[in-house]
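A.B. asks: The structure under discussion is supplied below as structure tokens; questions concerning it will follow.
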Amino acid sequence: MAQRILGADWRGCLVTDFYAAYNLIPGRHQRCWTHLLRDLHEFKQEQAGNAEEVQRQADRAYVLWQINPHGHGLHFKLAGKQQPV
């Protein structure tokens with residue numbers, strides 16, 4: 001649907017959440033860090049008894065953000081699922 005709306009000639013930077021269908025659209029992508037933070041918050045709630053794992057995942061997300069604040073070409077594995085970042 002997004003490809004159809006944007007058209008074949010679209011060449012901008014697509015800013016999206018982590019919905020995998022957006023990965024099929026060629027060109028530059030920027031991932032929404034707010035969505036990542038929301039997912040980390042949910043992960044923290046799911047892992048209430050595992051504070052070390054939550055901190056490790058949060059630290060990884062922060063390092064990735066420092067390296068590449070726009071998220072181009074990065075993937076972040078959270079709770080066993082690969083999430084584009």
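The values are calculated or read from the model by the stated rules, or taken from the named source; none is laboratory data. As the structure is a computational prediction, the values presented were derived from the model and not from experiment. Using ideal geometry, Cβ is built from the backbone for each residue, glycine included, and neighbour counts are taken over all protein chains shown.
A.B. asks: Among the residues of the range 5-25 satisfying the criterion of being of a type outside the set (Gly, Ala, Ser) and over 18 Å from the mean Cα position of the chain (by Cα), which is farthest from ARG38 (Cα to Cα)?
C.D. replies: ASP9
A.B. asks: Could I ask something else about it? Here's a check for you: in the range 31-41, which residue that is of a type outside the set (A, V, I, L, M, F, W, C) and touching a Leu at 6+ places or on another chain (Cβ under 9 Å) is modelled with the highest pLDDT?
C.D. replies: Per the stated criteria, the residue is ASP39.
A.B. asks: If you don't mind, another one. Looking at the range 1-38 only, could you name the residues that are surrounded by 13 or more Cβ atoms within 10 Å (Cβ to Cβ), polar (S, T, N, Q) and closer than 25 Å to GLN57 by Cβ?
C.D. replies: THR16, ASN23, GLN30
A.B. asks: Picking from ARG56, ARG28, which residue would you name as being modelled with pLDDT of 75 or more and in contact with a strand residue (DSSP E or B) (Cβ under 9 Å, 6 or more places away or on another chain)?
C.D. replies: So the residue among ARG56, ARG28 that is modelled with pLDDT of 75 or more and in contact with a strand residue (DSSP E or B) (Cβ under 9 Å, 6 or more places away or on another chain) is ARG28.
A.B. asks: Is there a residue being modelled with pLDDT of 80 or more and surrounded by fewer than 14 Cβ atoms within 10 Å (Cβ to Cβ) anywhere in the range 63-75?
C.D. replies: Yes.
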